[in-house]
Amino acid sequence: MKREELNQEINIDIPEAPKQPKPLRKLKKVDQRPRTTVVLNEYRGLHESPSIDISIGDEDERPKRSPEQQTYHGLHEKKGEKPSESGKKQGSGKKSKKDIIVKISSVAVSIAAIIALCLNMPILWYKKSGQPDERVSILTYFKRWQPTVDIEGELETPTMELNVDTEVVNEDFTDGLDLPQLIEGQYTVLFLGFDEDVENTDVIWICQFDIAGGKLNILQVPRDSSMLYYTSNETTKINSVYAWGDPEVSNIQRVVNCVQECFGIPIDAYITTACFDIRDIVDLVGGIPMTIDNEIMYEADKIIPAGDPVTLTGEQAEWFVRFRHDWLQGDIGRVQNQRRFMVAAMQKMLSIVKDEGKIKLYSYLNTIYKNKWIATNMSVEDLSKLADFGSTLTMDSVMVNMVPGEDADYYVNSKDFYSIYSIHKRATIDMLNEYFRPYQNPMLLSESNIVEFVEEYNYSYDTYDDMGATFKELEKATEPPRATDY
């Protein structure tokens with residue numbers, strides 16, 4: 001039976017098949033490869049993917065985007081900013097001056113740190129007489145360097161009794177200046193000036209820096225002072241002790257021992273110089289201005305003109321400190337005139353610090369050291385510290401004294417004699433206790449080896465027993481009396 005007939009027979013209505021829908025608009029085949037638009041010199045972020053342009057439908061129907069819309073702009077990029085030629089934002093490809101300075105500074109700091117490390121590493125052996133050897137850094141070695149100590153040598157530890165005043169110098173006492181001192185609070189330097197032959201010490205100054213007290217006390221010892229037990233020279237004068245003293249010790253030690261045992265002043269260091277070295281030192285600092293009351297004729301062709309002020313050259317400075325023939329009091333007149341030179345030299349040093357700075361003063365010291373115009377056992381650091389302390393002093397805080405005494409004749413035999421300077425022992429001890437033993441107990445007459453040639457009850461005069469004056473007072477001092485005036 002046919003299907004139609006069968007369906008009719010069983011009365012089943014079979015619905016008509018639905019009409020087929022109209023097919024959608026045929027999709028255009030699109031190139032599946034990403035269409036990437038590469039724009040030269042366009043900025044791209046670190047995590048930005050390439051630009052993909054997928055077109056669906058007719059090309060003409062796609063929305064048109066302007067070039068500005070198609071370009072990605074970073075978060076901090078200004079809209080419309082043109083990309084640089086290297087594909088980066090403008091300015092990013094060029095190092096700024098600030099970056100260069102920072103890098104150079106970093107390198108410089110690194111190099112400086114390396115140099116500082118090397119300078120402070122204990123890599124050198126330091127040796128000093130009487131002390132154990134030790135390893136020190138280059139910096140410490142330079143500070144302790146004593147470039148001229150080989151000329152005169154080191155000083156021996158004094159055998160004299162220091163008699164320190166323990167009520168003042170106790171365990172907690174300090175002067176704040178780290179120096180190799182025999183007595184805390186003070187530092188004493190023996191200054192010697194030689195004649196042309198570098199044999200006689202015609203200038204003898206004991207310079208005691210009272211560091212704790214902020215003072216400087218200077219004691220002038222006349223070159224004709226008799227020191228009977230310290231020289232084999234028949235004149236017995238102190239200026240011969242250097243060349244004619246105890247043969248068992250060095251030349252400089254001879255003078256140091258004499259000073260310590262006669263005046264009770266412990267010597268920490270020394271400075272020696274010759275008269276011809278004074279010329280170079282004075283010329284180095286540009287001369288010493290001072291008042292010359294009357295013309296000084298050192299020799300017929302060596303004249304210092306009068307004037308206020310006259311800037312002494314090195315040569316003229318030598319003539320000035322050595323001149324003695326026209327003074328009424330001879331060598332004592334020379335000592336008095338040397339005080340005026342001290343004051344002028346002090347003023348010159350203070351003016352250098354004020355006008356040119358301490359660095360300039362240190363450079364002068366370095367030149368003096370390097371040329372060996374002085375001999376000293378002080379290190380570069382010690383000398384710099386003293387110069388620094390000296391620059392803080394005022395003219396009122398510097399006191400100068402002379403050893404009290406009077407002229408006398410010393411007979412070698414019944415016929416031959418020498419003119420000497422006989423020290424007044426009691427007046428000297430009193431003066432020393434007042435000015436030169438600030439941290440020691442008072443000195444007794446029995447503790448001094450001074451020998452008098454004129455007994456106290458037989459003194460002819462005591463003119464020189466009180467010669468103390470501050471630099472402030474000496475600023476107005478005039479020249480000593482001349483023999484021609486009497």
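Computed from the coordinates by the stated procedures, all read-outs in this text should not be read as laboratory data. Here the structure is a predicted model, which means the values were calculated and not measured. Neighbour counts are summed over all protein chains in view; Cβ atoms, including those assigned to glycine, are modelled from backbone coordinates with ideal geometry.
Of all residues in the range 404-416, at least one satisfies being small (Gly, Ala, Ser), surrounded by fewer than 20 Cβ atoms within 10 Å (Cβ to Cβ) and either within 23 Å of PRO180 (Cα to Cα) or out of contact with any strand residue (DSSP E or B) (no Cβ under 9 Å at 6 or more places or on another chain) (or both).
Go through the residues of the range 291-312 one by one and say whether even a single one is in contact with a Gly (Cβ under 8 Å, 6 or more places away or on another chain) and in a loop (DSSP other than H, G, I, E, B).
Of the range 291-312, the ones in contact with a Gly (Cβ under 8 Å, 6 or more places away or on another chain) are 291-292, 311-312.
Keeping just the survivors that are in a loop (DSSP other than H, G, I, E, B) gives none.
No, the range 291-312 has no match at all.
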